[in-house]
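Below: one structure, written as structure tokens.
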Amino acid sequence: SARGGSASGGELDSKAVLYEICEKSSKFFEKQLNSSNAGKRALEYLKNRGLTDETIKEFRLGFAPSEWESLSTFLRSCGHNDSEIVDAGTAISRDGSNGIYDRFRSRIIFPIADLNGQVVGFTGRVFEGDGKEAKYINTPQTAIYDKSRILYGLHKAKTELRREDKCVMVEGNMDALMSYQAGVKNVVATSGTALT
């Protein structure tokens, strides 16, 4: 609760935990893209779409394994509890039973950062499958991720936006990355939501 009109230490601490979980998740996904067999297929897909190694690394693209709890197990090993992992938006509580499962599985991961470059959420994109699942899934609203206020790539584009005094807005993450890579760096994308 707030005291004297400002956030309490507990609220600040809980947000710090969510930032920590998102950062650790991002590192986990990055490692999977470069080390797992499915991750290497995802990496090949990204390169076939025209992305360079430099862009993939700069934007910290990753891969979520297909297992139900691989990220959650990793985050638990880092000392986080299930409630914190769900609050960060990286896992979902199981209906009618204890436990959680990873929100992102078998997907290419695009970390979403705030203006300061801190990871606050993720977009996951399928690259293999039967076409029956949603092409994109996104982190839900959390204490650190407000999807109506965050634009994908803004932390990278902000300097160029000021210099150019204009913004190029594209529909998706891949469009933003390809534009940035081609030298149009004042580019952002919506984060799976309509503009407000």
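In terms of its alpha-carbon gyration tensor, the range 9-115 comes out oblate; a/c meets the 1.5 threshold, while b/c is at least as large as a/b.
Projecting the Cα atoms of LEU75, LEU18, PHE63 onto the charge dipole of the range 6-87 (Cβ charges, centred on the Cα centre) puts PHE63 farthest toward the positive pole. Lysine pair count for the chain with Cα-Cα distance under 17 Å and sequence separation of 8 or more or different chains is 17. For the range 110-164, carbon and sulfur atoms together expose 45% of the accessible surface, with a 1.4 angstrom probe and every protein chain in place. Sequence-distant contacts, meaning Cα pairs under 8 Å at least 6 residues apart, place the relative contact order of the chain at 17 percent.
Here the translational diffusion coefficient of the range 43-106 follows from Stokes-Einstein with Rh set to the Kirkwood radius across Cα pairs; for 20 °C and 1.002 mPa s it amounts to 161 µm²/s. Overall, the anisotropy analysis places the chain in the oblate class: the square-rooted eigenvalues a ≥ b ≥ c of its C-alpha gyration tensor yield a/c not less than 1.5, with a/b not exceeding b/c. The relative contact order of the range 122-191, computed from alpha carbon pairs under 8 Å that lie at least 6 residues apart in sequence, is 32 percent.
A 1.4 Å probe run over the range 91-196, with the rest of the protein chains in place, finds 52 Å² accessible per residue.
Each part reduced to its alpha carbon centroid, the range 66-113 and the range 146-196 end up 27 Å apart.
Packing, as the average of other Cβ atoms within 10 Å across residues, places the peptides 147-155, 70-78, 128-136 in the order 147-155, 70-78, 128-136, highest first.
The values are calculated or read from the model by the stated rules, or taken from the named source; none is laboratory data. A quick note: this is a predicted structure, and the numbers were derived from the prediction, not measured. Using ideal geometry, Cβ is built from the backbone for each residue, glycine included, and neighbour counts are taken over all protein chains shown. Heavy atoms of the whole protein, side chains included, go into the accessibility calculation; ligands, DNA and RNA do not. Shrake-Rupley method; radii C 1.70, N 1.55, O 1.52, S 1.80 Å.
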